[in-house]
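Readers should treat all values here as calculations from the given coordinates under stated rules, not as data from a laboratory. Being a predicted model, the structure only gives us computed values, none of them experimental. So basically every Cβ, Gly included, is an ideal-geometry build from the backbone, and we count neighbours across all protein chains shown.
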Amino acid sequence: MYAFVAPGQGSQTPGMLAGWLRDPVYAERLRAWSEAADVDLVHLGSKATAAEITRTEHAQPLLTAAGLLAHEALSSAEPESPLGRAPEAPPAPVAAGHSVGELTAAVYAGALAPADAVRLAAVRGRAMAAACAETPTSMAAVVGGDEAAVLGRIAELGLYTATFNGPGQIVAAGAVADLRRLATAPPSAAAVKPLPVAGAFHTPYMESARQAVAAAAERTPFLRPTGTLLSNADGAVVSEPDDIRRRLVEQVVKPVRWDLCLDTLGRIAPDVTVCLPPARTLAGIYKRQLPELAVVCVTAPRDLAKVRARLSAAVSRKEDLAHARL
């Protein structure tokens with residue numbers, strides 16, 4: 001068994017789609033998704049500055065597109081395909097995504113079409129950017145410290161816990177003034193690091209964005225997954241289309257429980273986990289919490305051969321074990 005994990009906002013880098021754009025097939029795919037999402041992914045992925053792609057309305061569809069290009073490459077029917085299967089019978093992986101990456105994961109699991117995922121990411125990004133403009137809010141990583149003490153201090157200041165990335169890695173969100181108070185007087189043995197984001201994602205401050213995403217999601221067809229899809233809400237496996245839609249919408253205003261997704265992956269224990277582009281940040285979190293599991297990263301098309309080889313090796317080992325038991 002193998003897994004795919006998709007990163008969230010903050011992992012984007014300038015020129016991250018340049019390598020993919022050299023292939024006319026992927027360049028055409030990006031143009032089609034750009035039209036569907038009403039955003040210029042070609043420009044954002046090749047020539048845009050760091051400041052441009054940091055903007056919420058740009059970062060979210062850009063990250064979704066990057067993961068989906070890797071998906072298309074890895075599930076192609078070319079001879080070097082990791083499982084040698086045709087497009088009509090794609091592999092059924094375990095899939096999980098951090099925040100907006102959950103849209104990418106839904107595609108990998110067979111619950112959502114690629115163009116719909118990019119379109120929803122664009123709606124989500126624009127709506128969250130608009131919500132950020134309503135009130136001055138932000139986010140800050142709280143690293144280290146006792147978890148109960150950290151959560152208590154966050155609540156004491158009227159802040160929200162927006163993301164649980166793993167032990168000692170919690171993200172607080174809320175009013176800018178309250179975040180300053182947290183940084184000035186952090187919990188014991190904890191460090192507070194302000195994050196370069198536009199607002200308090202995954203909190204009630206995003207309610208107007210939730211409503212916009214809900215309206216767009218209601219018009220979007222969701223399918224029963226062919227693979228195993230994990231939810232950011234609680235790390236649970238979700239299989240009902242309406243439940244997937246509801247959870248993706250509610251995620252906008254509720255905490256990302258990436259720690260619980262990692263707990264589930266640890267129990268499943270995939271033979272290899274592929275971290276999708278841009279992979280470095282999420283791969284680091286994964287390796288710290290699950291050091292016993294194998295991880296391979298996709299950052300550009302040049303990594304595809306390595307990933308295919310690792311997936312093929314994992315499948316071969318499973319087949320050899322199955323034959324040995326006969």
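When the helix-only estimate is applied to the chain (DSSP H runs of n ≥ 4, each -39,500 (n - 2.57), divided by the residue count), what is the mean residue ellipticity at 222 nm, nearest 500 deg cm²/dmol? The partial results should precede the final answer.
On the way: 14 runs with 159 residues, N = 326.
The helix contribution divided over the chain gives -15000 deg cm²/dmol.
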Exercise. Determine the principal axes of the Cα atoms in the range 112-167, then give the extent along each, sorted from largest to smallest and rounded to whole angstroms.
Key: 43, 28, 13
Quiz item: For the chain, how many pairs of lysine residues have a Cα-Cα distance under 22 Å, where the two are 8 or more positions apart or belong to different chains?
Solution: 4
Exercise. May I have the extent of the alpha carbons of the range 177-223 along their three principal axes, as whole Å values ordered from largest to smallest?
Key: 47, 23, 17
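Taking the beta-carbon count within 10 Å as an exposure proxy, list Met1, Met16, Met139, Met128 from fewest neighbours to most. Mind dumping the intermediate values first?
Details: Met1 15, Met16 22, Met139 25, Met128 29.
By the 10 Å Cβ count, ascending, the order reads Met1, Met16, Met139, Met128.
Add +1 for every Lys or Arg and -1 for every Asp or Glu among the other residues with Cβ under 13 Å from the Cβ of Ala183, and state the total. The partial results should precede the final answer.
Working: positive: Arg153, Arg180, Arg181, Lys193; negative: Asp178.
Value of the local net charge: +3.
With Cβ to Cβ distances under 13 Å as the rule, what net charge do the other residues near Ser138 carry (K, R +1; D, E -1)? Don't skip to the answer; put the middle values down first.
Numbers: positive: Arg180, Arg181, Lys193; negative: Asp178.
Around Ser138, the charge tally is +2.
According to the square roots a ≥ b ≥ c of the eigenvalues of the Cα gyration tensor, what is the shape class of the range 145-301, taking rounded for a/c under 1.5, prolate for a/b larger than b/c otherwise, and oblate for the remainder? Walk me through the numbers on the way to the answer.
Details: a/c = 1.99, a/b = 1.22, b/c = 1.63.
Verdict is oblate for the range 145-301.
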Practice problem: Could you work out the relative contact order of the range 1-75, using alpha carbon pairs under 8 angstrom and six or more residues apart, expressed as a whole percent? | Solution: 39
Practice problem: Order these peptides, 278-288, 188-198, by their mean beta-carbon neighbour count within 10 angstrom, highest first. | Solution: 278-288, 188-198
Quiz item: So what is the relative contact order of the chain, in percent, for Cα pairs below 8 Å that sit 6 or more residues apart?
Solution: 22
Practice problem: Would you mind ranking Thr226, Thr203 so that the residue whose beta carbon has the fewest other beta carbons within 10 Å leads the list? | Solution: Thr226, Thr203
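Tell me, what are the semi-axes, in whole angstrom and largest first, of the equivalent ellipsoid of the range 132-195 as set by the roots of 5 times the Cα gyration tensor eigenvalues? Provide the component values of the computation, followed by the final result.
Details: eigenvalues 66, 27, 19 Å².
Computed over the range 132-195, the values are 18, 12, 10 Å.
In debye, nearest 20: dipole of the range 132-195 around its Cα centre with unit charges on the Cβ of K, R (+) and D, E (-)?
Numbers: 4 positive and 5 negative charges, 35 e Å.
That gives the range 132-195 a dipole magnitude of about 160 debye.
Could you work out the local net charge near Glu35, counting Lys and Arg as +1, Asp and Glu as -1, over the other residues with Cβ closer than 14 Å to its Cβ?
Values: positive: Arg29, Arg31, Arg119; negative: Glu28, Asp38, Asp40, Asp116.
Surrounding charge for Glu35 is -1.
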Self-check item: Length-normalised contact order of the range 185-326 in % [C-alpha pairs under 8 Å, at least 6 apart]
Solution: 18
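Give the peptides 33-42, 3-12 in descending order of average Cβ contacts within 10 Å, highest first.
3-12, 33-42
Can you sort Trp258, Trp20 from fewest to most other Cβ atoms within 10 Å of each residue's own Cβ? Provide the component values of the computation, followed by the final result.
Details: Trp258 28, Trp20 23.
Fewest-to-most Cβ neighbours within 10 Å comes out as Trp20, Trp258.
When all alpha-carbon pairs of the chain are counted, what percent fall beyond 27 Å? All intermediate terms of the calculation are to be shown ahead of the outcome.
On the way: 22247 of 52975 pairs.
More than 27 Å apart: 42 percent of the Cα pairs in the chain.
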